[in-house]
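Have a look at the structure below before the remarks.
FYI, it's all coordinate maths here, none of it is from the lab. What you see is a predicted model; the values in this text were computed from it and never measured. Neighbour counts run over all protein chains shown; Cβ positions are idealised from the backbone, glycine included.
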Amino acid sequence: MSTHQLELDSIITKTNLLLNEEPIELEEDDANANIEYSLTILAKVVSIGKMNSNAVQVILSKACHPPKGMKIQNLDENIFCITFNHEWDRKRILDSRSWSILSSHLVVRDWPPDLALREVVFDLSPFWVRICGLPPNQMTKIMLRKLQGKYGFLRRLISQLLGRSPGSSFYGSEWI
């Protein structure tokens, strides 16, 4: 038998052993892991081009000035883990969205500790929507209901606005 055949047989044997083993039960290991997750968010740059973590770090630092600092780690193509040194900085980034980097949309979201990265979905992002330019006699709840019927993606926003008294414009955040 050739050396290559022996190596191949060895690899096949090891692979079969691994495939036939009982699965390892995963357990939560450390309370510190939950603390680290509570200071972490995920970010995805929606762009045709590839973005690196240094560019994201520089631009976000200039845009949001986290007083306690942050660390950005590249996890996958255009997907980053942002770890803050203080919960207040993390909350401010999440509450202030939507963000953009070099004219590309940046989707930021919590990273639930029970989800693997491949299970995290970046399909929604909040946008500020402003409905303006209507004459004062059209800034009514009836007009909001008409808009709600025509533009289904504004359903949540318009439901929020129905409780407010209209001014010169309606505005709020909507997940799109």
Original post:
Share of Cα-Cα pairs in region 31-113 beyond 15 Å, in percent?
Top reply: 52 percent
Subject >> Residue-span extension gain [Val46 to Trp111] - 0.36 nm each, minus C-alpha spacing >> reply: 21.6 nm
Original post:
Based on Cβ point charges of +1 for Lys and Arg and -1 for Asp and Glu, what charge dipole magnitude is obtained for region 87-131 about its Cα centre, in debye rounded to the nearest 20?
Top reply: 240 debye
**OP:** Just order 66-78, 111-123, 39-51 by mean Cβ neighbour count inside 10 Å, highest at the front, would you?
**Re:** 39-51, 66-78, 111-123
